[in-house]
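In what follows, a structure is listed as structure tokens, so that the remarks can point back to it.
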């Protein structure tokens with residue numbers, strides 16, 4: 001049996017309207033609201049979610065306000 005390290009970080013309150021999911025890599029997915037602001041980040045295998053958010057913001061894929 002193998003184990004998978006996974007986690008989810010809420011950046012906005014639960015119940016914030018959902019706009020979609022942006023896949024950063026095989027190990028990082030970001031849920032965004034309809035305006036493109038990150039709601040939460042799912043990471044697998046101990047990936048660095050903070051760096052992933054910066055990368056998406058620089059690419060214009062999410063709004064950091």
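Just so it is clear, none of the values below were taken in a lab; they were calculated from the coordinates. Just so we're clear, the structure is a prediction, and the values are computed from it rather than from any experiment. Because the Cβ atoms are built from the backbone with ideal geometry, glycine has one as well, and the counts that use them run over all protein chains shown.
General remarks:
- Between 0 and 90 degrees, the angle of helix 49-59 with respect to the longest Cα principal axis of the chain falls at about 40 degrees.
- In terms of packing, defined here as the mean over residues of other Cβ atoms within 10 angstrom, the peptides 51-63, 15-27, 35-47 line up highest first as 35-47, 51-63, 15-27.
- Prolate/oblate/rounded call for the stretch 6-59, Cα gyration tensor, a/c under 1.5 rounded: oblate
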